[in-house]
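Shown next, in structure tokens, is the structure this report addresses.
The values are calculated or read from the model by the stated rules, or taken from the named source; none is laboratory data. Worth saying up front: this structure is predicted, and the values here are computed from it rather than measured. Note that each Cβ is placed from the backbone with ideal geometry, even for glycine, and that neighbours are counted across all protein chains shown. Surface accessibility is based on the protein's heavy atoms, side chains included, excluding ligands, DNA and RNA. Shrake-Rupley method; radii C 1.70, N 1.55, O 1.52, S 1.80 Å.
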Amino acid sequence: MDRPNDKLKAARLSRLSPTGSGRTLSRQELADAVNAELVRRGVRHAAIDAGHIGKFERGIYRWPQQVYREALRSVFGVDNDADLGFFIVRGRGNPVESPPTMLSAFPAATAAAIPDGSHLDIMITAGSTLGPAEIRIDLQLRQQSSRPAMHVFGTTTSPVTGKTLIAERRNDQRLPAASQIPDAYTVDDLTTALIWLYARLDQDLLADDRALDESWNAIDASLDQGSDTVAAIAMPSLSSVSKMWLGSRVCAAFIETSLRGGITDGPMFWTREQRGEEAATWLSFTHKQQYLHRTARAGVTRTFCLPVQQISGSPLTDRILLLLTIAYMEASGVRCRILSDPTYSAVDGFVLAGNRAIKANWIRTDALWQVADHTGARSTAPYAQVIAAAAHDTLVGHPAPARRLRTLADYLDLDWRWLQHRCRELAAAGLHGLIRPHSRHLSLHGTQTAINFIATLTQDRD
């Protein structure tokens, strides 16, 4: 397990922000100081960001590259790496911090260098599942690979910032000139998270397109109110991603069927997603976006249970996807609540509407989906108690969505200023030049809506 680098964090917190606000130095401000020092030393591609500093502080990288250690020593005025908590761990490999010219993915991913003008194939290892310890994205130079790729990306250097840019190449066309690629497509944790998300989902959904059609048609014809559980082994030919798509669609359809008589009170939803890669299905699955649009109305709330133990162990890219998902819901008119109490982690997804509690869960279960419809005070009481706890103990209780999202960003250990700046850049540039899904079951709409929403928020916006 990674041990936090308390020395580096203490050094940062001992410094005041250069803004004169009186607060301590933020991670992004430290990254800015390191970048300035690297530029002074004549180091090209010097950009690091708050995410890199966070990885240093959390001990994910105990031994950054020499140029970064030297710059940090200079910023803090110390002579030895040990003074900032950097050391080589003997007896096992030492993760080396990826420079800005590397495409960093999730922890179990392998990263390959991206020289200027090279072309990358993103290939998903067959049979891998959508779990943080099991994901593997193979990044290889195209000329070294004989495997077909779903998405091919080209990289180049921005003539303005000197940072590495990445864009999708389509129909084997040449990569546009660097001046034609927006600086918004800089390789960092945000663009990496989005590329990973869509490339991963696209691969499996396209492969299972016909099987998904056949499965859904058979289910749709028999879906009715009541309880219905289908074991995951009932459809062994489907990939893990396709099972997620099918399970989530059945759950959404069951809820809408059960509420067909109308909703008199604002429904209160409880969702079981705790990881960004689970929650990001809202950003990417077309049917979930349509479902959200149909069920979003005044008074609707949705609660996430995000224990600190789960958050602290998750990679930055995963936490970015989690925040984007909640931003998308807020942009759609759904007020989100966040519980940190781990005792609620095992509660299945459900919606409480009046005197009915409709359970619909497809996450972390041995079945493809589990659904049930409960009516009456006695049957719905446990669900009402969970909702009451969410209303009372939410971590994001402010009436303004901007404040709720900023509070959530702090809880997720994300640099809000950096994230909003990057969202403004991507809102202006759009996502279609970065990556475009091929599957008809995927859409950029949810992700683009979340990015646009964050970009336009002000501190006091209601």
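Ligands, DNA and RNA left out, the accessible area of segment 355-462 computed with a 1.4 Å probe is 49% carbon and sulfur. In this structure the amide hydrogen of H374, modeled in the peptide plane, comes within under 5 Å of the amide hydrogens of A357, I358, K359, none closer than 5 places in sequence on its chain. Working note: Debye formula, equal point scatterers on the alpha-carbon atoms of segment 324-392, no solvent; log10 I(q)/I(0) at q = 0.18 Å⁻¹ is -0.85. These residues, H441, H398, go from largest to smallest accessible area, 1.4 Å probe, as H398, H441.
Accessible area per residue (1.4 Å probe, heavy atoms of protein chains only) ranks T394, T161, T271 as T161, T394, T271, with the largest value leading. What separates the Cα centres of segment 291-336 and segment 391-440 is a distance of 10 Å. Phi-derived couplings, Karplus 6.51 cos²θ - 1.76 cosθ + 1.60 at θ = phi - 60°, listed residue by residue for segment 372-380: 6, 10, 10, 10, x, 4, 5, 6, 8 Hz, with x used for Gly and Pro.
Phi-derived couplings, Karplus 6.51 cos²θ - 1.76 cosθ + 1.60 at θ = phi - 60°, listed residue by residue for segment 308-322: 4, 4, 6, 5, 5, x, 9, x, 4, 4, 5, 5, 5, 4, 5 Hz, with x used for Gly and Pro. Using the Cβ-Cβ distance between R41 and H392 with R0 = 41 Å, the FRET efficiency computed as 1/(1 + (r/R0)^6) comes to roughly 0.15.
Here the Karplus relation 6.51 cos²θ - 1.76 cosθ + 1.60, evaluated at θ = phi - 60°, turns the backbone of segment 398-414 into coupling constants of 5, x, 8, x, 4, 5, 4, 6, 5, 5, 5, 4, 4, 5, 7, 6, 10 Hz, with x for every Gly and Pro. In the context of the full protein assembly, D413 retains an accessible surface of approximately 60 Å², using a probe radius of 1.4 Å and ignoring ligands and nucleic acids. Accessible surface computed residue by residue for segment 309-462, with neighbouring protein chains in place and a 1.4 Å probe, gives 40 Å² per residue.
For L16, the residues 5 or more places off, or on other chains, whose built amide H falls under 5 Å of its own are L25. Sorting H392, H287 by solvent-accessible area of protein heavy atoms yields H392, H287, largest first, with a 1.4 Å probe. In this structure, the amide hydrogen of R337, modeled 1.01 Å from its nitrogen in the peptide plane, lies closer than 5 angstrom to those of R302, T303, F304, counting only residues at least 5 positions away or on a different chain.
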